[in-house]
Amino acid sequence: MKELPTLAFLPFLALTNVFVKTCAAPPVRPVLTGPGMAYLGSTALFSCAAPGASSPLTYDLTLDGVVTRTSRRAERPASFALRVTERSGGSYRCLATGGGGAGASDSVRLTVVTPPSNTRVTSEPSPPVVYEGARVTLSCVVTRGSHLSYTWLFNRSEITSPSSSFNLQGNTLEIAQAAPEQAGLYSCMAWSRIGDVSRFSSSSEILVTVKVYVSKPRISFSVFKEGDGYRGNVTCWSRRGSPPLNFSLSVDDKEVGSVTAAERPAAWFSVAVVPGLDMGDARCQVSTDVQELTSDSVTLEVVPVGGAAKVEVEHLYRADSKLAAIILTCGVSRGTFPYVSWLYNDSVLPAEAHAEPLFQPVLPQYVLADRGRALVLAAPGPRESGYYSCRVRDSYDEAGPWVESPAALVHVTDRILNSMPRATPSPETPQNVHISSLEVITMAFCCFLLLMLAVGVACVYAMLHHRHALTPCHCLRPAGSTRLQNGTCRIRTRWWRCHCDINHFIFL
């Protein structure tokens, strides 16, 4: 009967033992490690451990509060390998239970990064063909991709930083004012990086064309012989302009031809001409999709060579008064297209100076300029002395008559080479006087000094004149006079003496 009370306390003791063990168990504090970013389609590895845990634990990996993976009861830290999908991004936690305790780790947020793909370049305007000074905007567009950076290439060279030529912002490249040197091939590369791993996608190249505005056209013409007649070759050209350009020629406001220049800003037209006859006024027109310009007019008149020819000689000297060169110029009274040939001591000079020893003892050293109208003796010496003359004919008629000038003597001596002759000024043309700034200042100072000296002399003169005018002066009565009437006394200031003007004296 005594054992019954003892058996009644056994359940109570068992519950007490369990409660004591539970309260005595240390808390479970798991630690979760894992990547913050991961590429779509890659594997993300998470690790969960509970430092200080004395008994095997069960680990659960949760995503936004939902258990996604569970590890079996183990004493080692648990690892979770996840295949990253578009839904893998979020906040992950690790739950550890066992040994009479449970705990949750801090959260680790995973961001899913989508690699770029199908990168291409778009433009505004499209296609990217603009005139200089216009704005061009290029955009780097991808079909898929996140967390991207962009690199731009111009003619396959990287554009490293924004400049006055390019403005980089986000996935766009802006050319504020396009210039011809910015025309070329552009491409972009979209890329992302996680740690040491990069994923990128490159676009194809796009051609940006910057057109140059066409300048005012110019017109010129030449003449050539064709059979028994003559033709005029009219040239229309512009100094700048991007092809294609539409050129047209009109004579007396009537269009005679048109052509499209596809390679360079120039065009040629053939017209009939008659020497000595005015064929009319010709003009060139050039047009593009945004411009239309007209040249100045030129008269299609060919004047044959005629009249008299003359040679003018000019000597050029260096700063040290030594002869530097001699220029001979051939002039003719009339002729639109003269062809000039030079003669030295009645021998025809070639169109180009030769350097062969055979010619050196005979011909001078010379250079032709101004379409052969000027003969330049660049290194004049005694060998260049002699008689020079020129003859002129029409350039378009090789069988035409010549007009020859009288010979001009060029005499080069050592005295002429080493000294410049004094120039005699013409009575009609005054000499140019070159005055330096120092001389001007000196002359101005001298004039100012002379003016001050004159003013000082005048002041001294006025002071002395005033002083002696107040000095008393006594006039003596002439001998034998009894009284003085109308006597006025004054000072002769130049000699500093008293002078009396006596009008009337009464003598006894």
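What number, in nm² with one decimal, is the all-direction average of the projected area of the convex hull of the alpha-carbon atoms of the stretch 31-113?
The Cα convex hull of the stretch 31-113, projected and averaged over all directions, gives 4.8 nm².
Cut-off under 20 Å on the C-alpha distance; same-chain residues fewer than 8 positions from residue 322 excluded. Which aspartates and glutamates are left, in chain and number order?
List returned: 314, 384, 414.
If contacts are Cα pairs under 8 angstrom and at least 6 residues apart, what is the relative contact order of the stretch 21-133 in percent?
32 percent
Contour minus end-to-end for residue 33 and residue 281, with contour as 0.36 nm per residue of separation and end-to-end as the Cα-Cα distance? Walk me through the numbers on the way to the answer.
Values: separation 248, 0.36 × 248 = 89.28 nm, distance 9.05 nm.
Extra length from residue 33 to residue 281 when fully extended: 80.2 nm.
Sorted by accessible area with a 1.4 angstrom probe, largest first, how do 239, 264, 318 fall?
Correct descending sequence by accessible area is 239, 264, 318.
For the stretch 117-211, which whole-number percentage of the solvent-accessible area (1.4 Å probe, protein heavy atoms only) is attributable to carbon and sulfur atoms?
That fraction is 48 percent.
Ignoring any ligand, DNA or RNA, what whole percent of the accessible area of the stretch 31-113 comes from carbon and sulfur when the probe is 1.4 angstrom? Spell out each step's value before the answer.
Working: 2210 of 4470 Å².
Result for the stretch 31-113: 49 percent of the exposed heavy-atom area is carbon or sulfur.
Measure off, as a whole percent, the carbon and sulfur share of the 1.4 Å-probe accessible area of the stretch 218-301, all protein chains present. All intermediate terms of the calculation are to be shown ahead of the outcome.
Values: 2080 of 4760 Å².
Answer for the stretch 218-301 is 44 percent, counting heavy atoms of protein chains only.
By what distance, in whole Å, do the Cα atoms of the stretch 218-301 stretch along each of the three principal axes, largest value first?
42, 23, 19
Going from most exposed to least, what order do 31, 214 have by accessible area with a 1.4 Å probe? Could the numbers behind the result be given before it?
Details: 31 75, 214 10 Å².
Greatest to least solvent exposure: 31, 214.
Once the whole set of protein chains is in place, how much accessible area is left on residue 461, using a 1.4 Å probe, in Å² to the nearest 10?
Its accessible surface works out to 150 Å², give or take rounding.
How much accessible area per residue does the stretch 218-301 have, counting only protein heavy atoms and a probe of 1.4 Å, in square angstrom?
57 Å²
Taking only protein heavy atoms into account and a 1.4 Å probe, give the accessible area per residue of the stretch 117-211 in Å².
Dividing the accessible area of the stretch 117-211 by its residue count gives 55 Å².
The values are calculated or read from the model by the stated rules, or taken from the named source; none is laboratory data. Everything numeric in this text was worked out from a predicted model, so none of it was measured. The area values use the complete protein model at the heavy-atom level, side chains included, leaving out ligands, DNA and RNA. Shrake-Rupley method; radii C 1.70, N 1.55, O 1.52, S 1.80 Å.
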